[in-house]
Amino acid sequence: MRILILQPGIGSYRVDFFNQLAAQAELKVVYYLEDSSGQVFLDSVTDRLQNCHLEKMSGGLMLGESPINFQLFQIIRQWQPDVVVSHEYRPMTLLLAWYRRLLHPRWKLFIWSSDSAEMVINCRSLRRIARDFLCRMADGVMVYSADVAGLYAEKVKIPADKLVVCTNVQSSARLRREAAVAIELSEQYRRKYQLQGKKVFLFVGRLSAVKNLPCLFRAFKMADLPDAVLAAVGSGELEEELRKLINDLGMAERIILPGRAENLALSAWYQTADVLTLVSFSETFGAVVNEALAVGLPVILTERAGAKVLLNEATQGELVNPADEAQITAAIRRQCAQIKPHGNALRPDLMPWDLPQFVNGFLNFAEEKCRK
């Protein structure tokens, strides 16, 4: 099977999916932005792709971050795919839908959406019109969870057999290998930041308003846990404001901002920590949740994250209302009470699923649609 996937940029969280898919099918990925998150990474994400054909589109008319570029149709004609997967309800998806409707090419059109359940329910105005129209024109719609698939069937009025769950998870086996390699660096972190004997709460991400970090910092202070430290790993526009807040709270020794980390340095932070915290006001999915669970960290997670579908048992952590500071404080206390020393040992995998089932599920879905 020949598959072409159109992405704005290639996020690091997509690499494992693309690599496993390319091992089982002929895959071409077309992208038009250097990154997918507004962040610049130390290494090139594309360098980590294996057996995958890559092409970057340039030029065309940009509507915000969405292009209208007819170069894509030439790429499709040359590649001759069985399936074309477009990203979200963008102008290029609309062009692909009309191209398929008017010219009846042999390939099937799928749309891959990162909508969370909350986003499906609250979808309004032009996005809702575009979503409903394009979902009906497409041959298949890929979503992150069974809950979202159910909401699409109910609210968009498309049949369940047109939907496939293809969630945003990475390979647990790879994440655990990297955590094992990072054990020595983790020990260096403990010495550098004086974390020996401490219970370590971790945030990983951009230091931006949507991440709700002032609320998290205040809740951590209110939890009043003298043997606990919160490390907010990342960089962003709120860094100076957050440093001032830490000083104002009198928490300079218990809330640290080590800066941004990726690759081995990030794996070492997961190995150092005991609990991940992500209490964002909005979180399409939250790849860090997958990364934390795979190496055994429970998560205090905003109920507005798509990744909440990964938390099915108490051992995996708990959901909180990001606007409820007292609820976050109580969750921090509960999770702290459950922390047990783990030393250098790699903790058990807490992920409910692993990537291969979604790769195989997508391929089975695509083959079924191509037979019709």
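The values are calculated or read from the model by the stated rules, or taken from the named source; none is laboratory data. Everything quoted here is computed from the prediction, not taken from an experiment. Positions of Cβ are generated from backbone atoms using ideal geometry, with glycine treated the same way; all protein chains shown enter the neighbour counts.
Which one is surrounded by the fewest Cβ atoms within 10 Å (Cβ to Cβ) among residues in the range 183-226 that are among the β-branched types (Val, Ile, Thr) and closer than 23 Å to GLU303 by Cβ?
My answer is VAL210.
Within the range 277-301, count every residue that is within 26 Å of LEU346 (Cα to Cα) and modelled with pLDDT of 95 or more. Spell out how you get there, then give the answer.
Start the filter on the range 277-301 by keeping residues that are within 26 Å of LEU346 (Cα to Cα), which leaves 277-279, 285-301.
Within this subset, residues satisfying the condition of being modelled with pLDDT of 95 or more are 277-279, 288-301.
Residues in the range 277-301 being within 26 Å of LEU346 (Cα to Cα) and modelled with pLDDT of 95 or more: 17 in total.
Do we have VAL30 as touching an Asp or Glu at 6+ places or on another chain (Cβ under 6 Å), assigned by TED's automatic domain parsing to the domain that holds ARG127, surrounded by 17 or more Cβ atoms within 10 Å (Cβ to Cβ) and more than 21 Å from LEU163 (Cβ to Cβ) here?
It is true that VAL30 is touching an Asp or Glu at 6+ places or on another chain (Cβ under 6 Å), assigned by TED's automatic domain parsing to the domain that holds ARG127, surrounded by 17 or more Cβ atoms within 10 Å (Cβ to Cβ) and more than 21 Å from LEU163 (Cβ to Cβ).
Here are some conditions: (1) closer than 24 Å to VAL169 by Cβ; (2) modelled with pLDDT of 95 or more. ALA337 meets all but one. Which one does it not meet?
Condition (1) is where ALA337 drops out.
In the range 109-124, what count of residues is obtained for those that are within 19 Å of ILE3 (Cα to Cα) and either of a type in the set (Val, Ile, Thr) or in a helix (DSSP H, G or I) (or both)?
Filtering the range 109-124 for residues within 19 Å of ILE3 (Cα to Cα) gives 109-113.
Then keep just the ones that are either of a type in the set (Val, Ile, Thr) or in a helix (DSSP H, G or I) (or both); that gives 111.
The number of residues fulfilling the criteria is 1.
Is it the case that some residue within the range 287-308 is among the hydroxyl-bearing types (Ser, Thr, Tyr) and within 19 Å of ALA231 (Cβ to Cβ)?
Step one: of the range 287-308, the residues among the hydroxyl-bearing types (Ser, Thr, Tyr) are 302.
Add one more test, that the residue is within 19 Å of ALA231 (Cβ to Cβ), and what stays is 302.
Yes: one or more hits.
Does ASN364 satisfy the condition of being assigned by TED's automatic domain parsing to the domain that holds VAL164 and either of a type outside the set (Ser, Thr, Tyr) or within 20 Å of VAL288 (Cα to Cα) (or both)?
Against the criterion (assigned by TED's automatic domain parsing to the domain that holds VAL164 and either of a type outside the set (Ser, Thr, Tyr) or within 20 Å of VAL288 (Cα to Cα) (or both)), ASN364 qualifies.
Every residue, every condition in (1) closer than 27 Å to LYS198 by Cα; (2) touching a Lys or Arg at 6+ places or on another chain (Cβ under 8 Å); (3) of a type in the set (Ser, Thr, Tyr), yes or no:
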residue: PHE285; (1), (2), (3): no, no, no
residue: VAL288; (1), (2), (3): yes, no, no
residue: ALA305; (1), (2), (3): no, no, no
residue: VAL309; (1), (2), (3): no, no, no
residue: GLU318; (1), (2), (3): yes, yes, no
residue: ALA331; (1), (2), (3): yes, no, no
residue: ASP354; (1), (2), (3): no, no, no
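Can you name the condition, by its number, that ILE246 falls short on among (1) out of contact with any Asp or Glu (no Cβ under 7 Å at 6 or more places or on another chain); (2) under 18 Å from GLN335 (Cβ atoms); (3) buried (at least 18 other Cβ atoms within 10 Å of the Cβ)?
(2)
Testing ASN312 on (1) loosely packed, with under 14 Cβ neighbours inside 10 Å; (2) modelled with pLDDT of 95 or more; (3) within 29 Å of GLY140 (Cα to Cα), one condition comes back false. Which one is that?
Tallying (1) loosely packed, with under 14 Cβ neighbours inside 10 Å; (2) modelled with pLDDT of 95 or more; (3) within 29 Å of GLY140 (Cα to Cα), ASN312 fails exactly one: (2).
Take the conditions within 19 Å of the chain's Cα centre (by Cα) and over 30 Å from LEU264 (Cβ atoms) and apply them to SER86. Does it pass? Talk me through it step by step, then tell me what you get.
Details: within 19 Å of the chain's Cα centre (by Cα): yes; over 30 Å from LEU264 (Cβ atoms): yes.
Here the answer is yes, as SER86 does meet what is asked.
Go over the candidates ARG101, ARG106, ARG77 one by one and state the one that is in a helix (DSSP H, G or I) and touching a residue at least 12 places away in the same chain (Cβ under 8 Å).
Exactly one residue qualifies, and that residue is ARG101.
Could you tell me which numbered condition ARG100 fails, if it satisfies all but one of (1) of a type outside the set (Gly, Ala, Ser); (2) out of contact with any Leu (no Cβ under 7 Å at 6 or more places or on another chain); (3) buried (at least 17 other Cβ atoms within 10 Å of the Cβ); (4) within 24 Å of ARG127 (Cα to Cα)?
Unmet condition: (2).
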